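Visitor: Starting off with a structure, shown below.
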Amino acid sequence: IVDLQALIDNLIQAASIEAGRFKVNAHPVQLDAIITDAVNTIEPLITKHQLRLIQPKEVQSFRVMADQRRTSQALINLLSNAIKHSPEGGQVQLRTLILGRDVMIEVEDEGQGISPERQKQLFNRFIQSGDGNSQEQTGLGLGLSVVKAIIEAHSGKVGYKESDHGGAIFWFTLPMVP
C-alpha cells in the first residue's frame, strides 16, 4: 500500500509540475515532525524488507522553512528508494547535519551504488535510481524528479554521493528558521 500511495502521490505531483501549478506552502515547521511523518509512513516497508532504520537519537527540535506534507513526501521517496536497493536484513541510515543556515538530510542505503553514467540523469523524469540490474525496478522513475522539484521550490538543494561502502547517499537541504 505504501508503494502504491507513493506512486499515486508522485503522479499527482509530476502532473502538477508539468502543468506549472506546483507550489509549496513553506512556513516554520519542526524538522522532527517531517522526519516522524516520513518514518511512520515508510515503517511497513522497512519491516517487510527486514531492514533496520538508523536515525538520529536526539529529537531534531530546530525549525525549518518547509511545506511539511510535501517535504515528508520527498523524504518518503528517498527512504523508499533506499529500501528498494538495500539487501534484506541490511540497514538504511537517516542523518541530519547543520550546514550554516541550512539543514542537510541524508538517506544512505547498502545497495550497489549508481554507475557514473546514470548519476548524471538521476533527477530527470522517468529515470530509475538503480543500477538497471535490480529485481525490484518498480515505479515510473518519477520519485527523484519530484524530490528535486519539491526541494528546489523550498530554495534547497538536492544531490547524490557514493557512500564509503559502495551504497548510495541521497541528500537535500532546507533553510533553517533563524
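Visitor: Spot the failing condition for Ser115; the list is (1) within 16 Å of Ile151 (Cβ to Cβ); (2) modelled with pLDDT under 90, and only one is missed.
Guide: Only one criterion in (1) within 16 Å of Ile151 (Cβ to Cβ); (2) modelled with pLDDT under 90 is unmet by Ser115, namely (1).
Visitor: Could you list all residues from region 50-107 that are in a loop (DSSP other than H, G, I, E, B) and either charged (D, E, K, R) or touching a residue at least 60 places away in the same chain (Cβ under 8 Å) (or both)?
Guide: Residues satisfying the conditions are Lys57, Glu58, Phe62, Asp67, Ser86, Glu88, Arg101.
Visitor: Can you tell me which residues in region 158-170 are in contact (Cβ under 8 Å) with a residue 40 or more places away in the chain and open to solvent by 50 Å² or more (accessible area, probe 1.4 Å)?
Guide: Matches in region 158-170: Glu162, His165.
Visitor: State which residue is surrounded by the fewest Cβ atoms within 10 Å (Cβ to Cβ) when the search covers only region 136-157 and only residues that are part of a loop (DSSP other than H, G, I, E, B) and at pLDDT 85 or above.
Guide: Looking at the filtered set, the residue picked out is Ser155.
The values are calculated or read from the model by the stated rules, or taken from the named source; none is laboratory data. Keep in mind that what you see is a predicted model, and the values were worked out from it rather than measured. We place every Cβ from the backbone using ideal geometry, glycine too, and count neighbours over all the protein chains shown. Note: accessible area is taken over every heavy atom of the protein model, side chains too, but ligands, DNA and RNA are not part of it. Shrake-Rupley method; radii C 1.70, N 1.55, O 1.52, S 1.80 Å.
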